[in-house]
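To keep things clear, I will list the structure first and then write my remarks on it.
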Amino acid sequence: MSKSELLQLDIATAGKGLRDGDFTAIELTEAYLDAVEASRELNIFITETPDRAMADAVAADKSIKAGTSSKMTGMPIGMKDLFCTQGIKTTAASNILGEFIPPYESTISARLKAAGTILLGKTNLDEFAMGSSNTTSAFGAAINPWELTEDKKPLTPGGSSGGSAAAVAAGAAIAATGTDTGGSIRQPAAFCGIVGMKPTYGRCSRWGVVAFASSLDQAGPFARTVRDAAIMLETMAGHDPKDSTSAAQATPNFEALIDGGVKGMRVGIPKEYRVEDMPEEIDSIWRRGIEMVTAAGAEVVEVSLPMTMSALPTYYIVAPAEASANLARYDGVRYGARVEGDDLNGMYSATRGQGFGKEVRRRIMIGTYVLSAGYYDAYYKKAQRVRTLISQDFDNAFHSVDALLTPTTPGAAFPIGEKEDDPISMYLNDVFTVPASLAGLPAISVPVGSNENGLPLGLQIIGRPFDEGSVFRLGQALEDAAQFDKRPRLTLEGFK
Amino acid sequence: MSTLIEGREGQWELVIGLETHAQVTSEAKLFSGASASFGAKPNSHVSFLDAGMPGMLPVINQRCVEAAVMTGIALNAEINLVSIFDRKNYFYPDLPLGYQISQFSDPIVGEGWLDIELDEGSTKRVGITRLHLEQDAGKSLHDQDPFRTFIDLNRAGVGLMEIVTEPDIHSADEAAAYVTKLREILRYLGVCDGNMEEGSLRCDINISVRKPGGALGTRTEIKNVNSIRFMREAIAFEARRQVEIIEDGGDIDQETRLFDPDRGETRSMRSKEDSHDYRYFPDPDLPPLVLDTNYIAEIKSRMPELPDAKRSRFVNELGLTEYDANVIAADKSSAAYFEKAAEKAEPKLVANWVMGEVFGRLNKDGLSIVEANVAPEELAALVVMIQDGKISGRQAKEAFEKMWSEGMGALAVIQELGLEQISDDGAIKEMVASVISANPDKVAEFKAGKTQLLGFFVGQVMKASKGKANPKAVNAILQEILGQ
C-alpha cells in the first residue's frame, strides 16, 4: 500500500490491515511522520515526537505479532499539548510553562500509550485552552487545512483544540485527543469537517491534564468517523481514583453501541437554538440534519430549553473564576518561566504579566473580579444558580426525548485574525456548545455538509448523562446519511 | 472567681475566642499520598500535588475525615452530613497551588461544646462554633541565606483541623484550661499528637476588652501561639495593652498581631486594611464531602473512652480519689498502664504505686509511660504480693527498684532477693516449736505472766527464718501455742 493510501484509512480499517499483516505499524507511522512534515506550514504541532513514534511503532508491531494488541494498537495520534506527557515538553501553548517537562504522564495519555497508540507529537491549542480560534497560542495559531490557497487568508481550525482538529483533517494524524471546556472539541471538529466527541463530565480522567476550568474540562477524541471516535473514547474513558470528579461508571463497548439504528428514538429540536441572525447556511444544514434522522426512523419533536441564552454569560463567569485559581500556581517559584523583579510581588507581576498572553490575563482578571468580596453573590453565586437551572432544562427535555440535535457553531470557519478585536463576538462561537458543557452532558459534532464556499458544517447531538451510546448512534445515522467524504484540498496535494 | 482585670478607671472584662489548629495524625497529607511526618530532610515529603504541578488533583484522605468526625463527636458537636471544600486564594511562595483548600461556609463539624476544669474544682462550658479541615502551608526559611528565601514543602498539604470557640473565654486561666483539655481529648482520640513545640497544635487568640456587661470591644488576633505559657503571657500583655490604650482615650485597631516570646509582648503584623480578599469558592476538583449516618455511628462505636468518662469511672467504680483519678486520667497512656495493672490488683494500691514509684522513676529517667521498664502486669504481681502479705511495702520498694533497673519480673526479683515471706503455717509452726523447745526457761517466765517476752520469741523465730517469716503469722502462732 502506498503512503498516500495508508493515510486514507480510518482506525477501524487500519486496525484490520495491521492485524491481517497487510502493512506494519512502522509503515503506517512512517507515512504519518511524512504527513506531519509535509503539513508543517499548518503549525499543527508544537512538539513533534518522531523518535518516540518510531519506538511506539516497533512496540506496536511486536504486540500485534504476539496477539496482545487492542483496537488502538498502531494508531498514530496527535496529543493536545494540554496533556502532561512524561519526558516530553508540555506547554499548554503558554510561555509561562517555559521548558516544562512533566515527570508524570496524564491518565488519558497513559491509557492511550498502554493501548499501543503511536505518539506523533503534541498539538497546538489556544493558550491554556482559552480561545475559539487558536490565535491565543504562544506558538502562533494552527491553520485550518480547508481552503488554504494563496489568494485567500488562512482559516482558523477553531479552538481551543485547533491543532488536534487540523491534524486529523489534514491527514497528519489518524485521530487526536482534545479537551472541551465550552466547545473546544466540538467547534474545531465542525470547522475542520471531522468528528469530535465530548463525553459526559467525569467519563475521562482529568488527572495530568493542565486545568482550565475544572468543573467543565473534559477530554475526548477527534476522529474521521463516528466509529473511530467511539473506538478511541473506549480507550480513553474509565474511572480514575486519582481524579475525585471521575465517575465510578463502567465503560461500555461504545463501538458496539453505534449499531442498531435510530428507529423509534425521540430527537428533540430545542427551539431556543434558533437564534436571531442565524446564518441561512446553518439553518439549512440543521434542517437537513432533521430530515436525515427522520428518514432514518427517529421521531423529531420540538423542545424548549428556556435558559439557553443565559448559558454563555454563565459560562464566562464560571470558567474564568475557576481558571483564576487554577492558574495561580504559575508563579515562577517552582517550575516554568520566571522573570525577576525587585521583590516577591515584582517577580510575580513580571512572571505572570509576561508569561501569560492577553486573553489568559483577561480571563484571570474576570475570574478574580467575579469572586471578589462584594461581587461574589452578584456574579459567581448567581451564575452557579443559573447553571443549575440550565441543567434542569436539559433534565426536563430528556423526559420526553432521548437526545437533542442542534448546530455545532453559528457559522463556518472564519479567517484567522477576524473577531480578534471583539472578544464578545469570539465568545459567541460557543453559544451552541456551552450549554451542554455547563450541564456536563455528552455531545458530539458530526460533519453533515458544506456551505456555498465548500467549507464544512457540523451538527451537534447532545445526550443524557453517560448515554454516549445514543449520541454515537445518532451521529452514525447522520454520518451515513450525509456521506460527507470531502477532504481539504491541501492534504491531497501535499501527500502525493 | 473574678476574671475581671483592674484598670485605672475600674474593672475590665476580657473576651477571648480561640482558633486552634491541630495537625491530624496521619500517614499521609490531607489530599496527597506524601508522608505527613515531622522532621524529615527539607522537600523530601512532597508529592506532585503538594508542589503545585500542572494537572495534579486532590483526593481526600479518609483518615483525616474520620479524625474530624471523631473530634466533632468528642466536642459534643453536630456532624454535618454534607460539607464543602473551598479554595482560599492568596499568593505566597510556600503555598504552591496559589490557594489553600479549606472549608469556609459548610464545615464538616458544626456547633458543640467542651467543659473545662478550673482551679477551684469548678467547671465551665465553652461553646464550639465549628471544626473544619484544611491544608497546612509549607515553610518559608528566611534565615538560611542573606539574600534569598528558601521553601520547605514538607508541611505543605498536611491535614489540619481548625477548631473555633465562641467568645466564651474570659481569662488566661480559662484559655489555658481550654487548650489543656482540648489537647487531652485530641491525644486520647489519637487524632493529633498535641505537640505544641513542633507546631502540631497552635492557637490564634481573638481578644478584646469591655466594661463588664458592656458592648463588645474591637478585637485583635494574635497568630500562631505555640505553647500554653506563651498563650498566658500573650493574653496578659494584650489585655493590658488594650486597657491602657482605651483608658488613654485611644481606639483599638482591628489587626493581626504576633507574640514575641523573647520580649513577652505582642506586635502588629498587619492591619485590617492589608487583609486579603481570599475569594473563597467551592473547589471544583472536590465533590461535596457526603457522610452517611451509619459511617458516623460506626466511628462512634469504636471511639476510645474520653478522659471525663474515664475519670468518673475511676472514682465511682474503682474507688480512686478525685485527685488520683485526675492525675492518672490526664494522659491516655498512663490511664492505660494503670488500668492494665488494676485488672489484677487492688486499684487504689495500684494508683499509689503508679503515681509514686512509676511516675517517680519515669521522671528521674526522663522516660514516658510507654517506655516504663516495669510492665503493668509485673507491677500488678508486685502489688498482689503486698496485698497478700507476702512482702512488706518496704521490701516491695526494694524489689521494684531491681525490677526497674534490671528489667526483671516481680516473682524472679522476690526470689532472687529472698524477699518472699514465709506465711505457710506449717513451716512457721515448726520454727516456733524449735524456738520454744530451745528456751524452756523463757517459756516458763512467759507463762508466769511476763507476756512482754512475746517480742523475744518473735525475734527468735524471725531470726530462724532469716527474716522471711510473715511477722503477723509468727505473732499469731506464737500466741496460740504459748497461750495453751
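The values are calculated or read from the model by the stated rules, or taken from the named source; none is laboratory data. Everything quoted here is computed from the prediction, not taken from an experiment. A quick note on method: Cβ atoms are made from the backbone with ideal geometry, for glycine too, and the neighbour counts reach across all protein chains shown.
Please go through the range B:132-157 and give me each residue that is over 19 Å from B:CYS64 (Cα atoms), touching a strand residue (DSSP E or B) at 6+ places or on another chain (Cβ under 7 Å) and assigned to a loop (DSSP other than H, G, I, E, B), ordered by number.
Within the range B:132-157, the subset over 19 Å from B:CYS64 (Cα atoms) is B:139-153.
Subset that is touching a strand residue (DSSP E or B) at 6+ places or on another chain (Cβ under 7 Å): B:139-141, B:144, B:149-152.
Within the range B:132-157, B:GLN144, B:THR149 meet the criteria.
Pick from the range B:397-420 the residues that are within 15 Å of B:GLY467 (Cβ to Cβ) and aliphatic (A, V, I, L, M): which of them is surrounded by the fewest Cβ atoms within 10 Å (Cβ to Cβ)?
The extreme case among them is B:LEU417.
Give the range A:298-310 a look and list any residue that's touching a Gly at 6+ places or on another chain (Cβ under 9 Å) and either surrounded by 23 or more Cβ atoms within 10 Å (Cβ to Cβ) or at pLDDT below 95 (or both), or say none.
Those that are touching a Gly at 6+ places or on another chain (Cβ under 9 Å) and either surrounded by 23 or more Cβ atoms within 10 Å (Cβ to Cβ) or at pLDDT below 95 (or both): A:ALA298, A:LEU305.
If B:VAL82 satisfies every condition in (1) closer than 23 Å to B:ARG183 by Cβ; (2) modelled with pLDDT of 95 or more but one, which is the exception?
It fails just one condition, (1).
Does any residue in the range A:420-439 that is more than 15 Å from A:SER310 (Cα to Cα) come within less than 8 Å, Cβ to Cβ, of a residue that is of a type in the set (A, V, I, L, M) and surrounded by 16 or more Cβ atoms within 10 Å (Cβ to Cβ) six or more places away or on a different chain, and which pairs are these?
Taking only residues 6 or more apart or on different chains, the pairs are A:GLU420/A:MET426.
Condition first: assigned to a loop (DSSP other than H, G, I, E, B) and either more than 13 Å from chain B (Cβ to nearest Cβ) or touching a residue at least 40 places away in the same chain (Cβ under 8 Å) (or both). Now tell me which residues in the range A:366-401 satisfy that. Even if it seems obvious, please write down each step before you answer.
Keep residues of the range A:366-401 that are assigned to a loop (DSSP other than H, G, I, E, B), which gives A:371-376, A:401.
If the condition is that a residue be assigned to a loop (DSSP other than H, G, I, E, B) and either more than 13 Å from chain B (Cβ to nearest Cβ) or touching a residue at least 40 places away in the same chain (Cβ under 8 Å) (or both), then A:LEU371, A:VAL401 are the ones that fit.
Starting from residues that are hydrophobic (A, V, I, L, M, F, W, C) and within 30 Å of the chain's Cα centre (by Cα), keep the ones in the range B:72-93 and report whichever is nearest to the other protein chains (Cβ to nearest Cβ). Break it down stepwise before answering.
Within the range B:72-93, the first condition is being hydrophobic (A, V, I, L, M, F, W, C), and the residues that meet it are B:73-75, B:77, B:79, B:81-82, B:84-85, B:91.
Filter again for within 30 Å of the chain's Cα centre (by Cα), leaving B:73-75, B:77, B:79, B:81.
On the way: B:ILE73: 25, B:ALA74: 28, B:LEU75: 27, B:ALA77: 26, B:ILE79: 21, B:LEU81: 18 Å.
Here the answer is B:LEU81.
Just the residues that are under 14 Å from B:GLN23 (Cα atoms) and surrounded by fewer than 21 Cβ atoms within 10 Å (Cβ to Cβ), please, taken from the range B:162-178. Lay out the reasoning, then the answer.
Initial filter on the range B:162-178 (under 14 Å from B:GLN23 (Cα atoms)): B:162-163.
Result: B:GLU162, single match.
Of all residues in the range B:315-330, how many are over 17 Å from the mean Cα position of the chain (by Cα), of a type in the set (A, V, I, L, M) and assigned to a helix (DSSP H, G or I)?
1
Let me confirm something: among B:GLU198, B:GLU162, B:GLU174, B:GLU184, which residue is part of a helix (DSSP H, G or I) and more than 12 Å from the chain's Cα centre (by Cα)? Give the derivation first.
Numbers: B:GLU198 fails: part of a helix (DSSP H, G or I); B:GLU162 fails: part of a helix (DSSP H, G or I); B:GLU184 fails: more than 12 Å from the chain's Cα centre (by Cα).
Only one candidate qualifies: B:GLU174.
Tell me which of these A:ARG363 doesn't satisfy, since it passes every other one: (1) closer than 23 Å to A:PHE139 by Cβ; (2) within 13 Å of another protein chain (Cβ to nearest Cβ); (3) touching a residue at least 60 places away in the same chain (Cβ under 8 Å); (4) not aliphatic (A, V, I, L, M).
All conditions pass for A:ARG363, except number (2).
Give the residue, chosen from A:ALA92, A:ALA59, that is of a type outside the set (Asp, Glu), within 14 Å of chain B (Cβ to nearest Cβ), closer than 25 Å to A:ALA223 by Cβ and in contact (Cβ under 8 Å) with a residue 40 or more places away in the chain.
One residue alone meets the criteria, A:ALA92.
Could you please tell me which pairs satisfy a Cβ distance under 6 Å, a separation of 6+ or placement on different chains, a first residue in the range A:124-145 that is closer than 16 Å to A:ASP430 by Cα, and a second residue that is modelled with pLDDT under 95 and hydrophobic (A, V, I, L, M, F, W, C)?
Sorted first by the residue in the range A:124-145, then by its partner, the pairs are A:SER132/A:MET426.
Report those helices (runs of 4 or more DSSP H) wholly inside the range B:398-484 carrying at least 1 residues which are farther than 30 Å from B:LEU382 by Cα and in contact with a Pro (Cβ under 7 Å, 6 or more places away or on another chain). Working first, answer last.
Values: elements: B:410-417, B:425-438, B:440-447, B:454-464, B:471-482.
Output list is empty.
Is at least one residue of the range B:44-65 under 28 Å from A:LEU344 (Cα atoms) and more than 14 Å from chain A (Cβ to nearest Cβ)? So that I can check it myself, show each step before the final result.
Just the residues of the range B:44-65 that are under 28 Å from A:LEU344 (Cα atoms), to begin with: B:44-58.
In the following step, the residues that additionally are more than 14 Å from chain A (Cβ to nearest Cβ) were identified as B:44-45.
Yes, there is a match, as at least one residue in the range B:44-65 is under 28 Å from A:LEU344 (Cα atoms) and more than 14 Å from chain A (Cβ to nearest Cβ).
Under the condition of being among the small types (Gly, Ala, Ser) and farther than 19 Å from B:PHE38 by Cα, which residue from the range B:7-26 is surrounded by the most Cβ atoms within 10 Å (Cβ to Cβ)? Give the steps one after another, and end with the answer.
Residues of the range B:7-26 among the small types (Gly, Ala, Ser): B:7, B:10, B:17, B:22, B:26.
Next, from what is left, pick out any that are farther than 19 Å from B:PHE38 by Cα: B:7, B:10, B:17.
On the way: B:GLY7: 17, B:GLY10: 10, B:GLY17: 21.
The extreme case among them is B:GLY17.
Where in the range A:402-496 are the helices (runs of 4 or more DSSP H), entirely inside, with at least 2 residues that are touching a helix residue (DSSP H, G or I) at 6+ places or on another chain (Cβ under 6 Å) and within 27 Å of A:SER214 (Cα to Cα)? Spell out how you get there, then give the answer.
On the way: elements: A:423-427, A:434-439, A:468-482, A:489-494.
Ranges flagged: A:434-439, A:468-482.
Is one or more of the residues making up the range A:340-359 within 24 Å of the chain's Cα centre (by Cα), at pLDDT below 95 and not hydroxyl-bearing (Ser, Thr, Tyr)?
Restricting attention to the range A:340-359, the residues satisfying the condition of being within 24 Å of the chain's Cα centre (by Cα) are A:356-359.
Applying the additional criterion that residues be at pLDDT below 95 yields none.
No, every residue in the range A:340-359 fails to be within 24 Å of the chain's Cα centre (by Cα), at pLDDT below 95 and not hydroxyl-bearing (Ser, Thr, Tyr).
Name the residue, out of A:PRO313, A:PRO320, that is of a type outside the set (A, V, I, L, M, F, W, C), in a helix (DSSP H, G or I) and within 14 Å of chain B (Cβ to nearest Cβ). Even if it seems obvious, please write down each step before you answer.
On the way: A:PRO313 fails: within 14 Å of chain B (Cβ to nearest Cβ).
Of A:PRO313, A:PRO320, the one residue that is of a type outside the set (A, V, I, L, M, F, W, C), in a helix (DSSP H, G or I) and within 14 Å of chain B (Cβ to nearest Cβ) is A:PRO320.
If a residue has to be crowded, with 24+ Cβ neighbours inside 10 Å and under 17 Å from A:LEU327 (Cα atoms) to count, how many in the range A:67-96 make the cut?
Going through the range A:67-96 one residue at a time, the tally reaches 10.
Which of the residues belonging to the range A:351-395 are closer than 22 Å to A:ALA129 by Cα, surrounded by 13 or more Cβ atoms within 10 Å (Cβ to Cβ) and among the hydrophobic types (A, V, I, L, M, F, W, C)?
A:PHE356, A:VAL360, A:ILE364, A:ILE366, A:VAL370, A:LEU371, A:ALA383
Test B:ASP106 against the criterion of being more than 28 Å from A:ALA93 (Cβ to Cβ) and within 11 Å of chain A (Cβ to nearest Cβ), and give yes or no. Give the derivation first.
Values: more than 28 Å from A:ALA93 (Cβ to Cβ): yes; within 11 Å of chain A (Cβ to nearest Cβ): no.
Judged against the criteria, B:ASP106 is not a match.
May I ask you to say which residue of B:SER268, B:SER312, B:SER333 is on the phi < 0 side of the Ramachandran plot, assigned to a strand (DSSP E or B) and surrounded by fewer than 16 Cβ atoms within 10 Å (Cβ to Cβ)? Let's see the steps before the verdict.
On the way: B:SER312 fails: assigned to a strand (DSSP E or B); B:SER333 fails: assigned to a strand (DSSP E or B).
Selected residue: B:SER268, the only one of B:SER268, B:SER312, B:SER333 that is on the phi < 0 side of the Ramachandran plot, assigned to a strand (DSSP E or B) and surrounded by fewer than 16 Cβ atoms within 10 Å (Cβ to Cβ).
For the range B:147-154, check the following and say yes or no: at least one residue is in the same structural domain as B:ALA51 (by TED's automatic domain parsing), touching a Ser or Thr at 6+ places or on another chain (Cβ under 6 Å) and modelled with pLDDT under 95.
yes
Could you tell me whether the range B:268-277 includes any residue that is more than 14 Å from chain A (Cβ to nearest Cβ) and over 30 Å from B:PHE85 (Cα atoms)?
Restricting attention to the range B:268-277, the residues satisfying the condition of being more than 14 Å from chain A (Cβ to nearest Cβ) are B:268-271.
Within this subset, residues satisfying the condition of being over 30 Å from B:PHE85 (Cα atoms) are B:268.
Within the range B:268-277 (the criterion being more than 14 Å from chain A (Cβ to nearest Cβ) and over 30 Å from B:PHE85 (Cα atoms)), the answer is yes, since at least one residue qualifies.
Since B:ARG148 meets every condition but one in (1) under 30 Å from B:VAL46 (Cβ atoms); (2) more than 14 Å from chain A (Cβ to nearest Cβ); (3) out of contact with any Gly (no Cβ under 6 Å at 6 or more places or on another chain), which condition does it not meet?
So B:ARG148 meets the others, but not (2).
Failed condition for B:GLU13, given (1) away from chain A (no Cβ under 14 Å); (2) assigned to a loop (DSSP other than H, G, I, E, B), with all others met?
(2)
Assigned to a loop (DSSP other than H, G, I, E, B), within 14 Å of chain B (Cβ to nearest Cβ) and not polar (S, T, N, Q): which single residue out of A:ASP277, A:ASP331 fits that description? Walk me through how you get there before you give the answer.
On the way: A:ASP277 fails: within 14 Å of chain B (Cβ to nearest Cβ).
Going through A:ASP277, A:ASP331 in turn, just one is assigned to a loop (DSSP other than H, G, I, E, B), within 14 Å of chain B (Cβ to nearest Cβ) and not polar (S, T, N, Q): A:ASP331.
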